[in-house]
1. Hand me the GluC sites (Glu not before Pro) from the range A:210-255 located in a DSSP loop with no more than 15 other Cβ atoms within 10 Å, in residue order please.
2. Just to check I understand the Karplus step: with θ = phi - 60° and J = 6.51 cos²θ - 1.76 cosθ + 1.60, what whole-Hz values come out for the range A:293-300, glycine and proline as x?
3. Under a point spin-label approximation (7 Å from Cα along Cα-to-Cβ), what is the A:K312-A:F336 distance to one decimal in nm?
4. Would you mind getting the accessible area per residue of the range A:483-575, heavy atoms of the protein chains only, 1.4 Å probe, in Å²?
5. Closest to the A-onto-B rotation axis, which residue of chain A has its Cβ, and how many Å off the axis is it?
6. Give the long-range amide H neighbours of B:F354: residues separated by 5 or more places, or on another chain, with amide H under 5 Å away, using H modelled in the peptide plane at 1.01 Å from N.
7. Hey, could you get me the Stokes-Einstein D for the range A:333-489, Kirkwood radius over alpha-carbon pairs, 25 °C and 0.890 mPa s, rounded to whole µm² s⁻¹?
8. If we hang a label 7 Å off Cα along the beta carbon direction at A:D469, how far is it from the matching labels on the other copies, in nm, shortest first?
Number of protein chains: 2
Amino acid sequence: MSNLFLRTLRDDPADAEVPSHKLLVRAGYVRRAAPGVYSWLPLGLRVLKAVERVVRDEMSNIGAQEILLPALLPRDPYEETGRWTEYGDALFRLKDRKGADMLLGPTHEELFAQLVKGEYSSYKDLPVILYQIQTKYRDEERPRAGILRGREFVMKDSYSFDLDDDGLTTSYHAHREAYQKIFARLGVRYVIVAATSGAMGGSASEEFLAESEVGEDTFVRCLESGYAANVEAVITPAAQPIPFDGLPPAKVYRTPDTPTIDTLVAWANATLEGTFTAADTLKNVMVKVRAPGGDWELLGVGVPGDREVDVKRLEASLEPAEVELLTDADFAANPFLTKGYIGPKGLAANGVRFLVDPRIGDGSSWITGADEPNHHVVGLVAGRDFTPDGTVEAAEVRDGDPSPDGKGELVSAKGIEIGHIFQLGRKYTNAFEVDVLGENGKPVRLTMGSYGVGVSRLVAVLAEQWHDDKGLRWPRAVTPFDVHLVIANKDQAAIDGAQALAAELDAAGLEVLLDDRKASPGVKFKDAELLGMPTVVVVGRGYANGVVEVRDRFSGESVEVAVADAADAITATVRG
Amino acid sequence: MSNLFLRTLRDDPADAEVPSHKLLVRAGYVRRAAPGVYSWLPLGLRVLKAVERVVRDEMSNIGAQEILLPALLPRDPYEETGRWTEYGDALFRLKDRKGADMLLGPTHEELFAQLVKGEYSSYKDLPVILYQIQTKYRDEERPRAGILRGREFVMKDSYSFDLDDDGLTTSYHAHREAYQKIFARLGVRYVIVAATSGAMGGSASEEFLAESEVGEDTFVRCLESGYAANVEAVITPAAQPIPFDGLPPAKVYRTPDTPTIDTLVAWANATLEGTFTAADTLKNVMVKVRAPGGDWELLGVGVPGDREVDVKRLEASLEPAEVELLTDADFAANPFLTKGYIGPKGLAANGVRFLVDPRIGDGSSWITGADEPNHHVVGLVAGRDFTPDGTVEAAEVRDGDPSPDGKGELVSAKGIEIGHIFQLGRKYTNAFEVDVLGENGKPVRLTMGSYGVGVSRLVAVLAEQWHDDKGLRWPRAVTPFDVHLVIANKDQAAIDGAQALAAELDAAGLEVLLDDRKASPGVKFKDAELLGMPTVVVVGRGYANGVVEVRDRFSGESVEVAVADAADAITATVRG
């Protein structure tokens, strides 16, 4: 440590909000070079490389082959798939000296599809899984939390190419299992959640979320069944149809001063017999949607009045169409839309598509807008008085909602995305016409999967999940050094003994960080806690009595070991 | 090989001119993604990683510590040192979503200087050597020769920080020796040449050039003494003064129709007694120079008439001043400059600085311009009739010129820059005020060195230096696989035997590329030659007689080895 390029800091950096960011900076693992752009100092780089090794190992175990594509990419392939524009401001774009448009790769589906097209021409070559561990770039709007969400970061991205859907499923599950092994080896606590595919395209997709209070991704899970999903991917159980028989006919009421659900419920309870809640009202939210290459069209979205529309869920449901809220101009152009009093009947009469939450089943009865100012209709029955054009996942998901698997209730939690696996299908192979000659002599369009692990982000995730109030604590698989050996005794014999012990451990194949600085034991102990090696060995006052102290950074427990046995005992501890 | 992501090509790629480019593409090591931007396929990546390992190992041996800085960098530090503009079009510049100027790092002096300033504050922390192996970006005007000169490439760059000049010298020599070890281990044929510092700034600098016909760098060397230098760094021995006594006085002649050196020499031989050559004339070339922050000033450069002015040498001599040739407007603004007839006297009379080639020593006598149209002066003696303001290295260097060490003649050769070491001094530490508290309690400005190895370029250099007409040939230190094992026998016993041999070699720690494809022996042998593993083992017809063939890809020789001894014999061959 007297030579190590390291300076620990007493104070948290001013721009740090989350524990991993504070600690990785204070412990000298990383330094900020620009917003969302970090330098890896010696200890940080060691953790990063350790994560890479585990990822590489498990990718190799499923037969994936490592290659390395450039980060500086031409525009054309991304233009071809539409992502040059779809990525919006998140894409770093630049021009070269000749004025050619280039970009810094955020992910490489296009390039891998082109590469496989160029190299392979026969079904005999398939399947193939290719991967890279590479620096990626995304111009995040709010880069935050240090390396947890950076603008330059290291990712493992892999791509599978198969002849058919079964092959894709096999490649997908191979990745799923490899990821489970990777995260288990690294010591990450995580959940796998059903996810939507988003701009990536494709069908099935799951996210690996590290459990963390500081996560930006909200997911829900059922503790009873283990079900977990991204909020966007939660499927609401469809309501069972209820018989109409005996339901009173719908009736329109004048309902002055009821522009909100709350005022409407208050009116209902005051005027009608019964105890109504917001869940008895039907809220009809207007948006406009545009399918790729199509025109903007009106869409009515009906949800129970006790729930807000979650725009991200709505967007995910309607993917790949775009969704926007209506402007005043839109309302002006469609005068039949009576703001605050929109009802299913008016939409149907004007040919507007109307999708409802799955809770709005046949036979359910609602208080809703009557399509004229200050009027609502009561007892409007789905399937009898109106027929929606289908269902849509648009209503917010709440703690206590039933789990889609019917086995309990959902609770929400925060997570950090550390992996994502996609069954892309043929979106990219269609774009580049990636065909091979099939066994029957006819061309076969390949089907593709895409799989990512946030390698640099995992360093922050591990710091986040394992730290305590004294500092970092590294799982053995990623610790920068196996042993932190502190010389806390000024006697030359003790110093020599510590050096000899370090040499013995080194000879046994352990990586030892020797604190040989001229500093007080107190300073050294504090730094050892901050830096977070799992095993701390102290050559201190006990050395005169022939013992050294071996501390476990996780449990906080320490044992005294005879100097003569120390190397063996420590090696055994490290090897577990 | 039946699973390897590899396709070998029969034909050279259309855009390839040099052998390494052709072969690395044909053998499926790399693929072009954009001009000067390449993807590394499995075999290529293995060579790249092998080069990295050797570099890392030797850097570690001199106590250098590995870190990793970002490639995406903020403008400010480069603005501070002037390199934001100095780099010109070679710098990839971009803006982020907030409009902030950023760049893709071509080299990281600024960032390392800032980093050390931020971390270190005491003389006790010094010296320190930091390095990274990282992707760099330069927007080359003519990216060429595949990965030999790419726009995205991998470099090892290191930076030393020392308290004083002696420390810098020590760090510099540590790097020099580490580089010698690296290139020796890799098997590169190279020379170390004296170099100029160029835009990097600083004093001493040497280049490591791989000898190669396809190199873009011309250097000269003295085969007798081993002296070698970049053309820009060649020092011309100063001429010994000659006594003036007995030299006739200078005399002006009317010399119509002598605008060129050739016509002037013809006139002299026709009109005067004696046999004159171009070397007897003094050619005065006008340029303008501008020191940093200064104004443009005229400069006369005198060279013997038989030599051209080498603008790159002149620029290197006058560094950091800029140099430009005169325009017609410049001549018009300085009417005393009589184009074609400029002489030292006119320059002196008009206060124009005049620098001469070191060959123009006191007492040497010249035919040169007389500062009026159609007139030259003969017998103008340096030190008697004119006194230059100094000497300058501006004349071209030619084969046969005397070596600066006086031990022979210079011959020129081509090379590829694979390493460059600089004693930067305090250019960057001054820019960022990188001080530490010295032993005496006063601040000490650190002195800095910068050292680069072209890691990805070395892959091409090794291909360039070692290939033959059949394909690549990899030195053991970098070969993608130790052994290429070809199954050239369809009998199941032979196939099983080959698999068993591969497993034995694998167990012995060797990396084996097994050609288990359904292809003819001829195709397999051709691919083995193209791919270039140093040892090729053939399980062929001899297998029935209990032998396999072991071929040396370099010598072309092959021996038969008994199957029972094969694993041991091959392992011994590989281990050398």
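The values are calculated or read from the model by the stated rules, or taken from the named source; none is laboratory data. Quantities reported herein were computed from a predicted structural model and do not represent experimental measurements. Reconstructed Cβ throughout: ideal geometry from the backbone, glycine too, with neighbour counts over all protein chains shown. Heads up: the accessible areas ignore ligands, DNA and RNA and are worked out on the full protein's heavy atoms, side chains in. Shrake-Rupley method; radii C 1.70, N 1.55, O 1.52, S 1.80 Å.
1. Passing both the DSSP loop test and the Cβ count: A:E213, A:E216, A:E224.
2. x, x, 9, 5, 10, 6, 9, x
3. Computed distance between label sites A:K312 and A:F336 equals 3.5 nm.
4. 48
5. A:L94, 2
6. Excluding prolines and chain starts, which carry no amide H, the hits are B:G300, B:D389.
7. In µm²/s, the coefficient is 108.
8. Copy-to-copy label distances for A:D469: 7.9 nm.
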